[in-house]
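Structure record follows, encoded as structure tokens.
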Amino acid sequence: MIETARQLKGQGLTAPVCIAVHALFSQETEKALREVSRQVVTTTTVPQSINRIDMSAAIAKAYLTLNAD
């Protein structure tokens, strides 16, 4: 994701918004992403300071559907 963002900026495009599901970012990776992107957004499936997409309702619904017996 970091390299892709660098390539996009190198082509003269606006810094991208990077979105990740299950973000297993180290602090160094998160910092590097912030440096090359406009914004970094992750789901709440893995605790991160950049979590913005709440998955709790979707997970609860899937659980209830699978255990409806």
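Here are the numbers for the structure shown:
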item	result
Residue ranges of strands (runs of 3 or more DSSP E) in the range 15-69 with at least 2 members of a type in the set (D, E, K, R) and surrounded by 13 or more Cβ atoms within 10 Å (Cβ to Cβ)	none
Filter result (closer than 21 Å to Ala5 by Cα and among the polar types (S, T, N, Q)) within the range 47-61	Gln48, Ser49, Asn51
Candidate set from the range 35-46 (those that are more than 15 Å from Glu3 (Cβ to Cβ) and of a type outside the set (S, T, N, Q)); member that is farthest from the chain's Cα centre (by Cα)	Arg38
Lone unmet requirement of (1) small (Gly, Ala, Ser); (2) in contact with a Ser or Thr (Cβ under 6 Å, 6 or more places away or on another chain); (3) assigned to a loop (DSSP other than H, G, I, E, B) for Ala5	(3)
Within the range 31-49, tally of residues that are hydrophobic (A, V, I, L, M, F, W, C) and in contact with a Lys or Arg (Cβ under 8 Å, 6 or more places away or on another chain)	3
Selection within the range 3-14 - surrounded by 13 or more Cβ atoms within 10 Å (Cβ to Cβ) and charged (D, E, K, R)	Arg6, Lys9
Pairs, first free of Cβ contacts under 8 Å to residues at least 40 places away in the same chain in the range 13-32, second hydroxyl-bearing (Ser, Thr, Tyr), C-beta under 6 Å, six or more apart	Ala15/Ser37; Pro16/Ser37; Cys18/Ser37; Ala20/Thr42; Val21/Thr43; His22/Thr45; Ala23/Thr42
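Only the coordinates and a few stated rules stand behind these numbers; no lab work does. Given the structure is predicted, the values throughout are model-derived calculations rather than measurements. Every residue, glycine as well, gets a Cβ built from its backbone with ideal geometry; the counts of neighbours run over all protein chains shown.
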